[in-house]
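Have a look at the structure below, then the notes.
The values are calculated or read from the model by the stated rules, or taken from the named source; none is laboratory data. Model, not experiment: these values are computed from the prediction. Note that each Cβ is placed from the backbone with ideal geometry, even for glycine, and that neighbours are counted across all protein chains shown.
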Amino acid sequence: MKSINGLLGAMTLVLAGAASAADDWYLGVTAGYYDLDGERAISEDHNSVTAGVQVGKYLSDTLAVELGYGANAGHDDFDVLSLNGLLWLNNSDASHWRPYVLFGLNQYDFQDASNLVLEHDDRSTQIMMAVGMGTQFSHGLEFRADLRGMLGHDEDGEDMGVQFSLNKVFGSKSVVPASAPAAAPVVAQATAEPEVEAEPEVRTITVRLNVEFEFNKDTVLAVYGDQLQAIAAAMKAHDDIDLVLEGHTDSRGADQYNLSLSDRRANAVKAKLVELYGIPAARISAVGYGETKPIASNETEEGRARNRRVVGEMSFSEVYNF
C-alpha cells in the first residue's frame, strides 16, 4: 500500500517526541465520514468511512497541534494523513462542553483497488477547516465531534465530512478541573503565655489571611470578606504593625507569567484593604512568588486550587486583667 510505511513512521516520531518532551499530550482513535468530490471518488455514491489514530500535544491551555492517520473502511480505497492546529474558543472547565476550531492540511493517498483508471492524481493535498464541540470525562478521556470542510486546487476537489475523536490525555490536563472549594473562615488563634499569679495575662494573637483564586484570575471573591475585615480591624487597633501579603500560583503556565500573576493577586488583596477599609497603602507590602512555593501537589486540581492563593498574617500581644 503506497506511502503507508512513511506515514506510520511519521506518526511514530511525533508520538515519541510528545511522550518525551510534553507534560500535556494525548493519544486517540478517530472515526470519520467523508462525502468526496465526484471527480475524486471511486464509488458511485461518493461516500466513504474512515477509522484512524491521532497524537497531539498541548502548547497552552487552549492551543494544541496534532497528527492523524485514517484508513478507508468503505468503498473508496484511500488513506489520509492530517496535520492540524486545534484552538479551544474558551478556557472554561474542561468537563463542560466547549467549542473549538481546527485548521490544517490533509494528504490523500488513493489506491486503485478495482483496477480503474482514475481521472485524478493518486496523491493530493487539501486545506482543512473544521468547527466542533468537545468535553473531558474522568480518567483523562476527551471526546470531540466536528464538521470538516476540505478545499484543494483544480482536481484536488472540495470534500465535506464529520469526525469523532476519543483521546486519552496525559499530564496535568488528565485531571478534570473542579470548582475551587470555598475557604473556611480563618479563626484567630491564641496562645497564652504561662500565668503569673497576681500579674496580668499577656496573650499573643495571630490573625491569618488565606485568599484562594480561580484559575488564571486575580479577582478577590466576596466569600473572603470576613477575613479581610478581621485583618483590617486588627491593623486599625495596632497601627504600629505592618502587613506583608504573599501571592502564589499553581504550576500551569510559564514561570515569568506566573510570577506576574502572583504579584497581581497580592496587589488585588492589598487594594481591597485600602479601598474598602481605609488601611494606608504604605502599611501593606505585596510580593509575588509565582509557582515556587506550593503547599500542595500540583498533580491534582484540589492541590492546584490550594496553591492559587494570597497569604498574610499579623501577630500582636494583648494584656488581660482579671
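Find the residue count for the range 153-176, including only residues that are within 20 Å of Asn106 (Cα to Cα) and at pLDDT below 75. Selection size over the range 153-176: 5.
Among the candidates Leu36, Leu86, the residue that is farther than 24 Å from Val169 by Cβ, modelled with pLDDT of 65 or more and either buried (at least 19 other Cβ atoms within 10 Å of the Cβ) or not assigned by TED's automatic domain parsing to the domain that holds Phe164 (or both) is uniquely Leu36.
Within the range 295-322, the set of residues being in a loop (DSSP other than H, G, I, E, B) and surrounded by fewer than 17 Cβ atoms within 10 Å (Cβ to Cβ) comprises Ile295, Ala296, Ser297, Asn298, Glu299, Thr300, Asn321, Phe322. Is there a residue in the range 233-255 that is under 30 Å from Asn91 (Cβ atoms) and loosely packed, with under 13 Cβ neighbours inside 10 Å? Yes - at least one qualifying residue is present in the range 233-255. In this structure, does Ala266 turn out to be of a type outside the set (Val, Ile, Thr), out of contact with any helix residue (DSSP H, G or I) (no Cβ under 7 Å at 6 or more places or on another chain), closer than 18 Å to Arg208 by Cα and loosely packed, with under 14 Cβ neighbours inside 10 Å? No, not satisfied.
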